[in-house]
Amino acid sequence: MIGSHPLVLRIQALARELGFSQIGIAGVDLSSAEPGLMQWLAQGFHGEMHYMATHGTRRARPAELVPGTVSVITARMNYLPRATPADWQAVEFARLERPGEAIVSVYARGRDYHKVLRNRLATLATRIAEEVGPFGHRAFTDSAPVLEAELASRSGQGWRGKHTLVLDRDAGSMFFLGEIYVDMALPESAPVTPHCGSCSACIDVCPTQAIVAPQRLDARRCISYLTIEHPGAIPAELRPLIGNRIYGCDDCQLICPWNKFAKKSALPDFDAREGLTGRTLGALFAWSEEEFLRHTEGSPIRRIGHERWLRNIAVALGNALRAGEADAAEALASRAEHPSALVREHVGWALAQAD
């Protein structure tokens, strides 16, 4: 019977076969989240992510986004690479102490999670239809105006940490989220209680102090936003704080005590690709656009394009130069006459760090 608890148990079993670690069910009334969303937008914390303001309240109204939606199936998938060592947090922090090494956020070292989750959510929906018959549905993976973390926390996937990410006592925060909006009523999962307590480690460790209050992130200061979403020049005052991070930032997750329980992925898709881990900034800065496209095929990194890739690495090379990495100057000089004004400006700033 549709809407019965046995169906949810069956959905969870089907999801596990597809590599998902947990399934939850959320309702569609997110009205209590609307005021916070609108305040966040009003403060401009979304930066250049104009689509967030364009969609406005639709993010908090699933039935407006997909008419007929009465329940949301939320899915969680662990992404730590299968070869991740037990002391992975310490290993990742140590990379920050090697200014000539390029750091790519852990989640982006393997295959593009959008592709992996989207395909598996589609397969899950097909298998559910085989059990219950045709039903209306639409799957999302960070791909539409969806209040992903809100739906996840309401459906028992975890609680919102002070860094705004969803945290689980048994799995930390190193997981992706996806949703299937469905037109059939399913019993909602019970939310879990928060367990951050008085800990403020994520707020304290943020290099740019982008977490302006518990559960309040100013994306305009966030290194992940600046190196991935932001299309233009990185504010000069924030460049020294970026260090050697060239795509994303994991610091608020690395410091989190709950991530000692983070789980490895069951899939090879998220294993670190050769060429994206432990490489020098100079080596990656030397990639031609053709090489960039080849090395990032099927990777989430490709979507920032070669120009922003060079912009990011130029900043990191400038920071390396200031830290005494002499060969950074030679790498930077090779792009001093780059056709892109954006790249040239960041290279000029970086070369000036030797002064």
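For the reader, a short list of remarks on this structure follows.
- Proximal lysines to Lys162, defined as alpha-carbon separation beneath 22 angstrom and excluding residues fewer than eight positions away on the same chain: Lys260, Lys263
- Among Glu130, Glu325, Glu291, the residue with the largest mean-square fluctuation in a Gaussian network model of the chain, with springs joining Cα atoms closer than 10 Å, is Glu130.
- Nearest 10 degrees, 0 to 90: helix 113-132 Cα axis against the chain principal axis: 10
- From most to least packed by mean Cβ count within 10 Å, the peptides 239-249, 117-127 give 239-249, 117-127.
- Nearest-ten-degree value, helix 5-17 long axis tilted from longest Cα axis of the chain: 30
- Per-residue ellipticity at 222 nm, computed for the chain from helices alone with -39500 (n - 2.57) per DSSP H run of at least four residues, works out to -10000 deg cm²/dmol.
- Tilt relative to the chain, helix 341-352 - C-alpha long axis, 0 to 90 degrees, to 10: 60
- Left without a cysteine partner by the 4.7 Å Cβ rule in the chain: Cys196, Cys199, Cys206, Cys222, Cys249, Cys256.
No value in this document is a laboratory result; all are computed from the given coordinates. All of these numbers come straight from a predicted model, not from anything done at the bench. Positions of Cβ are generated from backbone atoms using ideal geometry, with glycine treated the same way; all protein chains shown enter the neighbour counts.
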